[in-house]
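Take a look at the structure below.
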Amino acid sequence: MKIELTKNQQKLKDELKEYFSSLLNKELLSEMSDPQFFEGGGPEFKKALKIMGRDGWIGLSWPKEFGGKEFTPIEQYIFVEEIMRTGFPFPFLTTESVGPMIAQYGSDWAKETIAKSILRGETIFAIGYSEPNAGTDLASLKTQALPDKEGFKINGQKIWTSLANYADYIWLAARTNNEVKKHKGISMFIVPTDNDGFSYTPIQTLGDVTTNMTYYDDIYVSKDNLVGELNSGWDLITSQLNLERLALVNHGPVDELYHQLLSLAKITKVDSKNVLSDIDWVKSNFAKIYSGLETLKLICWKQVWGMENNVLSMTDASLAKIYGSEYFIEAYRMMMEIFGELSIVRDDSLSILNSRLERMYRTASILTFGGGTNEVQRDIISMAGLLMPRSR
Amino acid sequence: MDFSSSSEEKLIRESLKKLLESFSSEDYLKKFDSHRYDPALLSELIDNGFLVDQDTNKINFDVIKILSEELGYSNSPLNPSALVSDVLITLQESSFKGLSEILKDLLSNKLYSYTSALNEPLNFEIESPKVNGKLSNKGYELSGTKILSYNLDIAKKALISFITDDGVYLALIETDQLEITTLDVTSKAPYSKLNLDGVIVSKESIINKSGEGLYLLKDIYARRVLIQASLARGMVLKMLELTAAYTSEREQFDRPIGSFQAVSHRAANMFIDHQELDLNLQQASYLYSSGSDLENQILNLKYITGNVLHRTSYAAQHLHGGMGVAKEYPLWRYCLSAKEHEIINGNSSSALEALSKNITLNQ
Ligand SMILES: Cc1cc2nc3c(=O)[nH]c(=O)nc-3n(C[C@H](O)[C@H](O)[C@H](O)COP(=O)(O)OP(=O)(O)OC[C@H]3O[C@@H](n4cnc5c(N)ncnc54)[C@H](O)[C@@H]3O)c2cc1C
């Protein structure tokens, strides 16, 4: 057993830290604190992404022959961790899940044009899975792609299509066969957002995250836009969601916040003698946050180790998703208690709280039902891990 | 023993529900999303005798609690606590002489002209103010800051607390010369910050006799917790009702999601949480109105209020899926208000520690 990063992995971490500290210049940081660019899409974001493409920092998991880095899962985890610490809205879904799938299963056109431009940091995808009546039960989605001339005609409506307001393409799941079991009749398409039949309306949310309702009205796409075999989209969706799940609960952002807040608590006076971290319950809150963070880090490390050594079990992945998403909510609550009333005030004099803690707490709940809801993850643990009977 | 509510209480609740109907529709609430205060609602409540009893010219704290519950439930943009409970009831209890003038002003102008400024940054116990008062020949010269003072920017006078060599004092001071900054709070409630450095408080504006300040402030804290718990009770009930209704309607896998045990059990936990809050609120309210010592019950209630608001707010969001965070559905406002009340006037962790000290050291 050896539960620590290797020298090389530690070196990578340090290298990334240094790289990001130079990439995140004043202009980019200021754009990142503007609510309209919380999810990226601004000019500085686009600039930074191209620089990362030029410097070879996109396509970590991609094979070298595609111009990727062929990182191991542990190295990928470190990359995600370090970038999440900075708060930069890196488009992981595009670069690490949609991109590699197009590179592997896309048509020649898609491989040549789309995959390469993702690697250059020039193309962003939004994920078009959820529909008003297909959330947790995603396989019941109704958006249709019917054969038309040499390609397909797409009609339907999606909900919660994040980034669709600036994405170049939608990674769209559509029904291509109504006659078979619902999982078996779904295919994946690359749908350009500059098509006249595409439109969207914004949905504002509690955490100031803007997502979108997207509409597909007689959109014609050629068969080059189909990714993978016809009617085999479900496998692509599930492998994409599995990849996404671990990135969602990366311990980096909470760890970063924990250290920043602890340092702040140690120097923030509460009276003439004491600092904030002298208060007993504040100490206890910090210790609880620390304890959960250690566990989360180990859970995630064990999972990437499992991926690297091909011993990953389904239960480990579900456990990580549940533990992480539920821990975040408790950790943010305890952090907010420590800074008390100041944590709900947007005040420039307390910039850490201002820009991160408060907003992170408001967006945290999305993770417990998004990316495969925790109830279903618990079903998986009891079924696959404990060999208990199926619940439905 | 009797856990039932009186017919008078039921009547008050019914008429409040009716009145608040027109102050809680989606279109109405939207108008206050960037500044959650409606003077018209205050005026309406005063006109209908819900703040000050029109026959006796007194404030009935039991009515204020019911009002708070209903305001929590409807999420209407008003918190009467600072004006009515902190200022008016405290003046009613103290040796202060000018209360009838203030009531006259309130009843004729119907404005939030009186408020309190008691909370301080990183001070989790409002009974122990850190704003300091140094005795000088003109009165007390203050140093320190107050935060989250409700409607301070529109009030004429504010009740402030400070500590001196001679104990805690409360003073009702004019606001026109004060340095007031409005704060951008997530819930968009109308809070301000007050810099008291160099402010002189004249002896005439002090409302308590020597030695009486701490007692009054402890009472204010008790009422604040009771009001917060009442607001919370209303909010939690509404979040629970929304969740039960939504999960009964929303279908996934060809059946209502509420028919999945994981969903129905979590909703049932919200119900248990609501009961926990409700029973402890009733107990503390009873002790308060019977004049008993209730320091531990108040700390316990604050602890429970924070926990229940936190748990039910997240459970409701989770059980709604994406709809729980979308601003086109009413839940999100409740979640922001829940966090506000969880974190103001101390919090669950600070209350639990104070309670633990009380029960292991003092008693
Ligand atoms: C801000 C935000 C951004 C998003 N971004 C995207 C995006 O970019 N692309 C995209 O495609 N989607 C996106 N989503 C959608 C997200 O994936 C869905 O919200 C999620 O799949 C849940 O679906 P739902 O909201 O319809 O909830 P529902 O499926 O209606 O679930 C409601 C509740 O029922 C429970 N439930 C449902 N089925 C079961 C069951 N069988 N057993 C037990 N409990 C059950 C759930 O756990 C949940 O608590 C986003 C959502 C949000 C809020």
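The values are calculated or read from the model by the stated rules, or taken from the named source; none is laboratory data. Just so you know, these numbers come straight off a predicted model, no measurement behind them. Cβ placement follows ideal geometry from the backbone for every residue including glycine, while neighbour counts extend to all protein chains displayed.
A few remarks follow.
- In the set (1) closer than 30 Å to residue B:319 by Cβ; (2) within 16 Å of the ligand (Cβ to nearest atom), the condition left unmet by residue A:84 is number (2).
- Subset of the stretch A:122-134 (residues that are surrounded by fewer than 21 Cβ atoms within 10 Å (Cβ to Cβ) and more than 12 Å from the ligand (Cβ to nearest atom)): A:122
- Flag for residue A:190 being without any contact (Cβ under 8 Å) to a residue 60 or more places away in the chain, not assigned by TED's automatic domain parsing to the domain that holds residue A:67 and not acidic (Asp, Glu): no
- Among the candidates B:285, B:349, B:292, residue that is facing another protein chain (nearest Cβ under 7 Å), over 30 Å from residue B:31 (Cα atoms) and among the polar types (S, T, N, Q): B:349
- All positions within the stretch A:345-369 that are of a type outside the set (Lys, Arg), facing chain B (nearest Cβ under 9 Å) and buried (at least 20 other Cβ atoms within 10 Å of the Cβ): A:345, A:358, A:361, A:364, A:365, A:366, A:368, A:369
- Whenever a residue of the stretch A:364-381 is polar (S, T, N, Q), its partners that are part of a loop (DSSP other than H, G, I, E, B) and within 6 Å of the ligand (Cβ to nearest atom), lying with C-beta atoms within less than 6 angstrom and at least six residues away or across chains, give the pairs A:373/A:136.
- Each residue in the stretch B:317-346 was checked for being more than 9 Å from chain A (Cβ to nearest Cβ) and either touching a strand residue (DSSP E or B) at 6+ places or on another chain (Cβ under 7 Å) or small (Gly, Ala, Ser) (or both), and 2 pass.
- Filtering A:285, A:231 for residues that are touching a residue at least 24 places away in the same chain (Cβ under 8 Å), more than 19 Å from the chain's Cα centre (by Cα) and crowded, with 20+ Cβ neighbours inside 10 Å leaves a single hit, A:285.
- Those residues of the stretch B:251-282 which are within 16 Å of the ligand (Cβ to nearest atom), surrounded by fewer than 17 Cβ atoms within 10 Å (Cβ to Cβ) and away from chain A (no Cβ under 14 Å), in sequence order: B:268
- The stretch B:241-250, residues that are hydrophobic (A, V, I, L, M, F, W, C) and crowded, with 19+ Cβ neighbours inside 10 Å: B:242
- Among (1) within 14 Å of chain B (Cβ to nearest Cβ); (2) away from the ligand (no atom under 16 Å from the Cβ); (3) in contact (Cβ under 8 Å) with a residue 40 or more places away in the chain - the single one residue A:218 does not satisfy: (1)
- Where residue A:137 falls short, out of the listed (1) near the ligand (Cβ under 8 Å from one of its atoms); (2) under 18 Å from residue A:58 (Cα atoms): (2)
- Residue count for the stretch A:350-385 under the criterion of being among the aliphatic types (A, V, I, L, M) and within 12 Å of the ligand (Cβ to nearest atom): the result is 5.
- Residue in the stretch A:119-126 that is modelled with pLDDT of 95 or more and under 30 Å from residue B:247 (Cα atoms) present: yes
- The set of residues in the stretch B:138-191 that are free of Cβ contacts under 8 Å to residues at least 40 places away in the same chain, in a loop (DSSP other than H, G, I, E, B) and more than 23 Å from residue B:346 (Cβ to Cβ) comprises B:153, B:165, B:175, B:176, B:177, B:178.
- When residue A:139 is tested against (1) assigned to a helix (DSSP H, G or I); (2) without any contact (Cβ under 8 Å) to a residue 60 or more places away in the chain; (3) farther than 26 Å from residue A:254 by Cβ, only condition (2) is not met.
- Residue satisfying all of: in the stretch A:144-185; on the phi > 0 side of the Ramachandran plot and either within 16 Å of the ligand (Cβ to nearest atom) or not in a loop (DSSP other than H, G, I, E, B) (or both); farthest from the chain's Cα centre (by Cα) among these: A:156
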